[in-house]
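The structure appears right after this line, and notes come after that.
The values are calculated or read from the model by the stated rules, or taken from the named source; none is laboratory data. Everything numeric in this text was worked out from a predicted model, so none of it was measured. Cβ atoms come from the backbone with ideal geometry, glycine included; neighbour counts cover every protein chain shown. All accessible areas refer to the heavy atoms of the entire protein, side chains included, with ligands and DNA or RNA removed. Shrake-Rupley method; radii C 1.70, N 1.55, O 1.52, S 1.80 Å.
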Amino acid sequence: MLTISGSPHLHGDNSTKKIMYGVVTAMLPAMVVAIWYFGLGALEIIVLSVGFSLFFEWLIQKYLIKGPLTITDGSAMVTGILLAFNVPSNLPWWMIIIGALVAIGIGKMSFGGLGKNIFNPALVSRVFLLVSFPVAMTSWPKPSPITKTLVDTITGPTPLGFVKEGLGAGKTLAELSQHLPGYGQQLMGQMGGSLGEVSALALIIGGIYMLWKKIITWEIPVSVLVTVFVFSGILWQIDPLHYTNPVFNLLTGGIMLGAIFMATDMVTSPMTRGGQLLFGFGIGLITMLIRVWGAYPEGVSFAILLMNSVVPLINKGFKPKRFGTVKMAA
Amino acid sequence: MDNVVFISMLVLGALGLVSAIILYFVARKFKVFEDPKIDEVEAVLPNANCGGCGYPGCRPFAEVTTKKAKEDKSLDDLLCPVGGNDVMKMIADIHGLSIQERDPMIAVVRCNGTFAHSPEKVKFEGVTSCSFADALFAGEGGCQYGCLGLGDCVDACGFDAINMDAETGLPVVNDKCTACGACVIACPRDIIELREKGPKDKRIFVSCVNKDKGATAIKNCDVACIGCGKCEKVCEFDAITISNFLSYIDFDKCRLCRKCVEVCPTNSIWEVNFKPRKPRPEKAVKPKQNSVNVATATLITSQKIVSGTKNTERSNIDKSEN
Amino acid sequence: MGFLKTFVLGGIHPPENKLSAGKPIRSLSVPVQVVVPMGQNLGAPSKPVVKRGDKVKTGQLIAEAGGFISSNVHSPVSGTIFKIDNMMDASGFRRPAFIIKVEGDEWMDGIDNTETFVKDVTLSSEEIIAKVKNAGIVGMGGATFPTHVKLMVPPGRNAEYLIINGVECEPYLTADHQLMLEKGPEIVVGTKILMKALKVNRAVIGIENNKPDAIKLMRDLTAEEEGIVVQPLKVKYPQGGEKQLIKAVTNREVPSGKLPIEVGCVVQNVGTAFAVYEAVTKNKPLIERVVTVTGKALENPSNLRVRIGTPVRALVDEAGGFPDDTGKIIGGGPMMGKALATLDVPVVKGTSGILLQREEAAHRPVEGPCIRCSKCTQVCPMGLEPFLLSRLARVGNYEAAEGEGVMDCIECGSCQYTCPAKIPLLDYLRLGKNKVGVLIRARTKR
Ligand code: SF4
Ligand code: SF4
Ligand code: SF4
Ligand code: SF4
C-alpha cells in the first residue's frame, strides 16, 4: 500500500541516539584517564552510575509513566557517565545509586523525561549529593597510576580546594604553588578531583570530537572558557600573589568538564548563538565569583544550574535573525 | 544591623501603603457601571465557556443577553445550547421576558465510511490532524468528502461527547452532546451537522456528504449516497432534497416515517433509536456501528450495489435533461 | 573563482542522488488519452471554452484564464473532447478536467513545431507579455505562478534584475539541468526575451556548482551577451527557493511577507525561460514539459519530454516499469514534492519530477521527544524556530505562532529533514499556517 505524507520525504540520518552515543564516545578518553589514575574504584563508580541510571529510567518509564521505553536512546547513559564524572572515585557505592535515582527521577523524569528537564540531571544529582554528603563528596583520593590503586586510600584536596584553604589561612600563592601539580600534570589529570574532571587534555579531545561530529557548537565552551580566562586574568594582573593565574583556573577543577560536556547539554542550553554566548559568559562569571569569593572552592555546577534556570528567559530574549527583517541598504 | 532591618521594613511598608491607596483610587475611577443582571445571568449559565452560543464565553454571553433584553425586549435569537430551554427560561425570568421553546439538538456525524465500507487505498503518515490531512490528500479511502478519522472534532469537544471508534475509524457522538457546535466548526469537511434530537431521540438522516456522481462515490465507499433520488420520490412530506448527487433530509419536515430508509439502495440513510423492524428475508439485520443505541443496518450484496449504480446513472441523465 | 556565493541563513545538504543526470531528454509518444485539469496554476482555475464532443487541435485554447492570477490552458493533443468531468488530481481530489481522446497529432496553424533556432526577437515588452499570457505559461519549477503576472511589474516598483533559476537544488531532479545542456541557446534567447519584457538590462543565471557542465556551457553561450552573467553557486538546499536565490545572487533580502519585486528582482525557472522562448518565437503554448522520472528501484531513471495530461503511469512505464517495492510516489522532488495516491493522475504544468521511493524509505521515522538541540533553528533558511512553532501549533496557540513568524515558512522541510528526534515539524508548521491563514482571513473580513 502506498504511503501518503507531507513533504519532506527525506530525513537525515542524524538521530537522538546517534547524538547521545556520540557524546558517550567523546567521553571515552576522560573515562580512560579516570580509570588510569583512580583505578578500579573509578570503573566501579562508572558502571554503577550508568547501570542504575538505565535501571531507574526503565523502572520509571515502565511502572510510573507507563509510556514508551526509551532507555536505548542513550540519554540515560550520558547522564550516568556524567554523574560518575562528577563524584570522587571513592564514593560509597550506595551513594552513587542514590545519585542515579536523583538524577533520573528528579532531574529528568519529574519534568517529563528527555527534552523537558530544565536542569542538567547529572548536576542536579551532584549538588544533591554534595549537600547531603559533604564529606564523602569532597575527599578526593590521590591519583596514582593504576597498579597501586587497589590498596591506595590516601585522600587529599583538589588543587582549587588546596589553594582556597591556603589563601584563607593567610599563605601566599608563592608558598602554595610548590605543592601544586605542574601544568603538565594538570593537563594530563594527575591531581585530585572528581573522576572525569581531572584531565583537561582528555576532555578537550572529547570536545573536539563532538565539534567535528557537529554534536555541539563552539559557542558555549569557548565563551565559558574565555570568560574564566579573562576574569581570572584581570584579577591575576591586579594581584598575582592572591589570585591564581588564568591557566591554572582553566586546567583545574571542573571547568573543562562543565564547559565541554555539561553546559553544552542540548536540552538545558539556549537555542541561538547569541543566547549560547550569554549563557557561557554567565557560567564563566558565576564560576569565578564562587571560586574567588564564595564558600566553595569550586562553583561550576552551581553556575551551570543557575544559568540553566534562566535558559527559558534567554530563549525568549535571543531569537534567531529572521530572514527579511533587516532594512536593505538602498 | 537592626537599624537596617527596621529601615527596610519601614520603606517597604510605606511603599505598600502608597500603592494600595493608588490602586484603590484607580479602581474607583475606572470602575464601569455594570448591570447587576449580568452577574445574575452568569450565575445561571453552565459556565462551560464553550463558545457554543457564538460568543467567546459565558460572561460575554451574559452581557449580550442583558443588552438585548434591554434594547430589543426579546431573547429570541440567542441560545445557550448547553443550557438549553431550561437555562434560557431562567435568563428570561431574570429579565422578566419569555422565550420560545426550542427543540433540543444533537451533533450528527454524516459519514459512514468505516474501514469496512471504505477500505484504505493508501496509508497516511503524519500528525493526527484532520485539518492538516484535509489539505494534503483526499483520504485513505479515497473519498474526498469523507471523514479523515483523525479526530479534530474529538479534540474540539469540551464535553467529552464525541469519541473515535477505533474499530470503524469514525467519531461517535454520545448523550453528553450539548450541541455547542464546536465539532461542527472543527471538522474541515463539514461532516458534522447539528440536527434536531427528535422525539424520543428518534431521528433520520443521510449519513453521507459525498457530492460525487453516484458511480464515483460508490467506487470509494459502498454506503455512499449516490443521489439516485429514490428517497426523494418516496418521501410524502417533501422533506428530502437532492443536490449535487447528494440527498439531504430537512429535519423540520421529516415525520420519521422511515420510508426512505427502506428504499435507499446503498443504505446511506440512518434511523436512530427506532425499534428494529421485522427482519426481512433478503436483508440481514446488523446493528450500525455509528451511533448510540442504534437502528438497523443492512448488509448490501454486491448485486445490489451494481443495480444501484445503474439506477444512478439513469436517473442522473434524467435529471440533466429536464 | 574565489569563494562561491550562497544564501546565508541555514540550509542543508541532503544526498543528491541525481540518478538521471546526463540522461538525454527523450520524447514520450503521445498517449491515447489525456486528462487536462483546468486549474493547473496557482490562483483561480481556468474557464473552459470548448465543450464535450468538440474537435481540438494540438495547441488549441481549451480554457481561458479565470481571473487576474490565472492562466490559459491549451490542448496538448489533437482529438475529441470526450468528457469534461471531475478527475482525480495529484492529491486525490476530484477537480474539473478535460478528458481528450487523441486522434493523430494535428497542430494548430501558426505554431512552429520545428527545432529551428530563432535568435532574434523584435517584439516590444507588451507584445511579449501578451504572448506569454496567451501561451498559458506558469512557473515551471513547481510553484505554477502565472508567468505573465510576474512579468507585469506593479506600478511604483522597478525591476533591476532578472534571475534565471537553474539551481535545481532538490535531490533526484535533473530536468532543468538536462534542459540547460540540451537547450542552452534557447534558454539564453528566452532570458533575453524575459529581460526585454521586464525592461531590465541585467540577468543572472544561477546554477549550483554540482553542474559544472551546465555552468561552462551557459558561460560560453552568454560570453557575448550583454548583461547576462552566469553565477555559480555553492550547493545548498533550498537554494532554489526564490528568496534564497535572490539572497545568494544579489545579497538582497525580500522582506517578510513581500514579493521579490520589492527588492527589484524577478525570478524565473530555466524551464520557464525555455517555454517563453517557444511561446514568443514559435507561438507554441505550454503543452509539454520535461519531467524527471526517477527512483532507486527504477530500472531506467530518465528525463522525459511529455505532453501535459499524460498519465504518470505512462512515464513510469517508459522509465522501466513500476517497481513492486514502491512505497511512495512523489510528484516533484523529495523535499517539497507531494505524495501521490495513484499513478493514474496526469502530468500538469508544474510536474517537475516523479520520484518512486522504495517501501523502506517511504515511511516516517519514529518520532521522539524534542531534545532542544536547536538544529532545526540552525538550518531554517528563514530564521524561524521550527521547534517552537511546531509546539505552538501542537497545543493550538495559533496567535503566538503567527507572532513567531509561522507564515514566513517556505515549507522547504529542512527542519524536519535535520531533526534528530524525527519530529514531523513541517506537518505542524503547515497545520499552523492553515489555521493562522484562517485567523488572518477572519480578521481582514471584519
Ligand atoms: S468528522 Fe471531521 S473532524 Fe471529525 S474525525 Fe471526521 S473529518 Fe475529522
Ligand atoms: S435513496 Fe439513498 S442513495 Fe438514493 S438519493 Fe436517497 S440517500 Fe442517496
Ligand atoms: S520548512 Fe519552514 S520552518 Fe522548516 S526550515 Fe523550511 S522555512 Fe524553516
Ligand atoms: S531539531 Fe528536532 S530535536 Fe532539535 S530542537 Fe528542533 S525539533 Fe527539537
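Couple of notes before you dig in:
- Once the convex hull of all Cα atoms in the range B:36-95 is built, its volume per residue stands at 66 Å³.
- Unsatisfied cross-links (Cα-Cα over 29 Å) in the set B:121/B:233; B:219/C:433; C:131/C:349; B:123/C:150: B:121/B:233; B:219/C:433; B:123/C:150
- Among C:378, C:239, C:231, the largest mean-square fluctuation in a Gaussian network model of chain C (Cα springs under 10 Å) belongs to C:378.
- Separation of the residue B:241 and residue C:439 label points, Cα + 7 Å toward Cβ, nm: 3.6 nm
- The share of C-alpha pairs in the range A:159-316 whose separation exceeds 28 Å stands at 18 percent.
- Here the calculated FRET efficiency for residue B:128 and residue B:86, from their Cβ-Cβ distance with R0 = 45 Å, stands at 0.75, rounded to the nearest 0.05.
- Rounded to two decimals, the Cα radius of gyration of the range A:210-273 over 2.2 N^0.38 Å is 1.28.
- Amide H contacts of residue B:269 (H built 1.01 Å from N, under 5 Å, at least 5 apart or other chain): B:207
- Share of carbon and sulfur in the accessible area of the range C:209-367 stands at 48%, probe radius 1.4 Å.
- Under Stokes-Einstein, with the Kirkwood radius over Cα pairs as Rh, the value for the range C:331-446 at 25 °C and 0.890 mPa s is 157 µm²/s.
- Model label sites at residue B:76 and residue A:17, defined 7 Å from Cα along the beta-carbon direction, differ in position by 6.8 nm.
- Distances between placed amide hydrogens fall under 5 Å for residue A:2 paired with B:123, all partners being 5 or more residues away or on another chain.
- Among the listed pairs A:214/C:236; A:66/A:116; C:5/C:338; C:119/C:183; B:176/B:200, a Cα-Cα separation exceeding 24 Å is found for C:5/C:338.
- Two-decimal ratio, chain C, of alpha-carbon radius of gyration to 2.2 N^0.38 Å: 0.96
- Chain C: relative contact order in percent, alpha carbon pairs under 8 Å with at least 6 residues between: 19 percent
- Vicinal HN-Hα couplings computed from phi for the range B:112-125 (Karplus, 6.51 cos²θ - 1.76 cosθ + 1.60; Hz; Gly/Pro x): 10, x, 5, 4, 6, 7, 10, x, 5, 10, 9, 10, 8, 10
- Here the Karplus curve 6.51 cos²θ - 1.76 cosθ + 1.60, taken at θ = phi - 60°, turns the phi angles of the range C:38-46 into couplings of 7, x, 10, 10, 5, x, 6, x, 8 Hz, with x standing for Gly and Pro.
- Principal-axis tilt of helix A:159-168 within chain A, Cα atoms, nearest 10 degrees: 50 degrees
- Choice from C:143, C:90, C:197 showing the highest fluctuation, given a GNM over chain C with Cα pairs closer than 10 Å: C:143
- B:103, C:120, C:176, reordered so the largest accessible area comes first (probe 1.4 Å): C:120, B:103, C:176
- Along each principal axis, Cα extent of the protein assembly as shown, largest first, Å: 111, 89, 65
- For chain A, the carbon plus sulfur part of the accessible surface works out to 72%, probe radius 1.4 Å.
- Given R0 = 41 Å, the distance between the Cβ atoms of residue C:226 and residue C:113 translates into a calculated FRET efficiency of 0.85.
- A Cα-only calculation for the range C:122-264 places Rg and Dmax at 14.6, 40 Å.
- Cα-projected label distance for residue C:364 with residue B:277, points at 7 Å along beta-carbon direction, nm: 4.5 nm
- If you plug the beta carbon distance of residue A:28 and residue C:407 into 1/(1 + (r/R0)^6) with R0 = 60 Å, you get a FRET efficiency near 0.85.
- Distance from the Cα centroid of the range C:143-165 to that of the range A:1-63 is 52 Å (rounded to whole angstrom).
- Cysteines without a disulfide-compatible partner [chain C; Cβ-Cβ under 4.7 Å]: C:169, C:265, C:370, C:373, C:380, C:409, C:412, C:419
- Considering only A:225, A:48, A:167, the mean-square fluctuation computed in a Gaussian network model of chain A, springs between alpha carbons under 10 angstrom, is largest for A:167.
- For the range A:43-195, averaging the sequence separation of C-alpha pairs within contact (under 8 Å, six or more residues apart) and dividing by the residue count gives a relative contact order of 23 percent.
- Partners of residue C:57 within straight-line reach, counting aspartates and glutamates whose Cα lies under 15 Å from its Cα and excluding those fewer than 8 residues away in the same chain: C:103, C:105, C:106, C:109, C:112, C:288.
- Ignoring lysines fewer than eight residues from residue A:319 along the same chain, the ones with Cα atoms less than 18 angstrom from its Cα are A:327, C:375.
- Taking 21 Å as the straight-line reach from the Cα of residue B:67, the lysines in range (excluding those fewer than 8 positions away in the same chain) are B:31, B:37, B:89.
- Using just its DSSP H runs of length 4 or more, each adding -39500 (n - 2.57), the protein assembly as shown gives a mean residue ellipticity at 222 nm of -12000 deg cm²/dmol after division by all residues.
- Taking a Cβ cut-off of under 15 Å around residue A:232, the surrounding Lys, Arg, Asp and Glu residues balance to a net charge of 0, with basic ones at +1 and acidic ones at -1.
- Across the range A:159-316, C-alpha contacts under 8 Å between residues 6 or more apart give a mean separation that, scaled by the residue count, equals a relative contact order of 24 percent.
- Ordered by solvent-accessible area of protein heavy atoms (1.4 Å probe), largest first, the residues C:366, B:154 come out as C:366, B:154.
- Cβ-based net charge around residue C:227, under 15 Å, with every Lys or Arg adding one and every Asp or Glu removing one: +1
- For the pair the range B:220-278 and the range C:1-34, the centres of their Cα atoms are 54 angstrom apart.
- Under-5 Å amide H pairs with residue C:61, H placed in peptide plane, nonlocal only: C:75
- Computed from backbone phi with θ = phi - 60° and the Karplus coefficients 6.51, -1.76 and 1.60, the 3J(HN,Hα) list for the range C:315-328 is 5, 5, 4, 5, 8, x, x, 6, x, 5, 8, 6, x, 7 Hz; x is used for glycine and proline.
- Label point of residue C:216 set 7 angstrom out along Cα-Cβ; within the range C:177-204, amide nitrogens under 19 Å from it belong to C:177-185.
- Counting only protein chain heavy atoms and rolling a 1.4 Å probe, the accessible areas of A:73, B:160 rank, largest first, as B:160, A:73.
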